[in-house]
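Here is the structure we will look at, set down as structure tokens.
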Amino acid sequence: MKKKVLSLNAVSVGYKTRNRPFSKTKTILKDISFDIFSHETIGVYGGNGAGKSTLLSVIAGVMAPDSGQIETFGSTIALLNLNLGLDNALSGKQNIFLHGLFLGFKPSEIKKKIDSIIHFSELKEFIDEPVYTYSSGMKARLGFSTVYQLNTDLILIDEMLGVGDQHFKRKSNYALKQKIKSNQTVVLVSHNIKQLKHLSDRIIVLEGGKIKDILSAAKFDLIPE
Amino acid sequence: MMLIYYIVFSSFLNIRTENFAFYILVSLTFWQWFHKSVNSSLNSINQSGGFISKININKLFFPTVAVYTDLIKSLVAISVLIVVVVTLNHSVSWQYVWLPIVLVVQLLFTVAIAYFFSLIIPFSPDLRVLVDLVLRGVMFASAIFYPIENLPEFIQENLCYNPIAYLLDCYRKILIFDGVITLRDIYYLGLLAIVSTAVIMFTLLLEKKVGNFYLKILMK
């Protein structure tokens, strides 16, 4: 049997519409249950406001569910989204270290990877400069390369299959697709159904915060393009 | 800055005590340490949305960074202060052994305040204005710019209710021979350390409870 990487059990998340004691609660996710097994790629599909990004936040552990449980089985999880999580005052290199430590890697492990991260980001000349001197594209490259090269058990990708300028976008897009096709466990969120069908083993269709369907590869044709 | 305070309070307001320059210098240095640490940690969680939305991390990390940064900066200022005070006084008293202890107690107190308010402020950002006001009030009530003898006797006796004033008084006793550290002071410092540690423990537990709600609040 395949090893479980993560398991969600009846997870619900709601927001209070206002920061007051008796204000209404708006439900974002309702009764979400599914398991993620190692080496598989799960696509999450849904319109705007279906709860895709919130679902990733919950899986990443940065947001606690209001009810239900998440079991991570000790897996390390990295979230790739437009939010970079860099400290502007630190240099590029220090940021790589910081991010690695946050993700639970040991300094020795990061040291081993650091050259390949710098090489992949193509930021060698700037890596010792503080990050506030970087352009937004350079920051995106740094964030992407760090998460890409450090091998976490699970990668969560939020609508971001490539960053930076045209050259780097193509390169990161290609690299990520290779990674998805390899043994990496991935949860992939996208509007682009064609891409999802191409890359995923299973697709979860979210609608209004609920799981409408979990489709295996054979039933992908049920989703209209 | 120190010079301005000195001129205003000594010449214009006619406050004269012996060693008044030292008095202000010592009080201000340690007050600034506390004030800067608390101030920079208040918004530390609010400003770390980028990290919070990406990585599951103990939220007290952010005020810790703020306090630590100001600790290093202030230790430099304090070292300079000690050198100045020792050179101008031409002597070192055995009372200096108390200095590290008082410093640790102040650090504990600072961390307790910083942790507590940095956890609470994201829930109600307006609270920050209130904390600023209270800090200002504490500053004027802590006998930084005027000799403690100017305070009414009632307040002098109850100084222990204002930990900052008490700590500053200890520093002055140690550094400019404004008295000796008594058994009562030791008892009080110990009490302050214990209360501060209890508050820190409480904030650690509080973080476990509410730590994962910050993303929701910050996204609003």
Sum of -39500 (n - 2.57) over DSSP H runs of 4+, divided by residues of chain B (222 nm, nearest 500) | -22500 deg cm²/dmol
Which distance in nm do the two modelled labels at B:PHE213 and B:VAL129 give, with both placed 7 Å along the Cα-to-Cβ direction?
-> 2.3
Kindly work out what percent of the DSSP beta bridges joining two residues of the protein assembly as shown are antiparallel, to the nearest 5.
-> 55
Compute the FRET efficiency between B:VAL97 and A:GLU109 as 1/(1 + (r/R0)^6), taking r as their Cβ-Cβ distance and R0 = 45 Å, and round to the nearest 0.05.
-> 0.55
To the nearest 10 degrees, how steep is helix A:136-149 against the longest Cα principal axis of chain A, on a 0 to 90 scale?
-> 80
Contact order relative to length of chain A, as percent, for alpha carbon pairs under 8 angstrom and 6 or more apart = 28
Within 10 Å of each Cβ of A:58-68, how many other protein chain Cβ atoms are there on average?
-> 4
Can you give the FRET efficiency for A:ASP213 and B:VAL83, using 1/(1 + (r/R0)^6), R0 = 60 Å, r = Cβ-Cβ distance, to the nearest 0.05?
-> 0.25
Residue-averaged [θ]222 nm for chain A, counting only DSSP H segments that reach four residues, each worth -39500 (n - 2.57) = -10000 deg cm²/dmol
Residues whose placed amide H lies under 5 Å from that of A:VAL44, excluding near-sequence neighbours = A:LEU188, A:VAL189, A:SER190, A:ILE204
Calculate how steeply helix B:183-210 sits against the longest principal axis of the alpha-carbon atoms of chain B, using the helix alpha-carbon long axis, and give the answer as 0 to 90 degrees to the nearest 10.
-> 10
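Coordinate-derived values only; no laboratory data. Keep in mind that what you see is a predicted model, and the values were worked out from it rather than measured. Cβ atoms come from the backbone with ideal geometry, glycine included; neighbour counts cover every protein chain shown.
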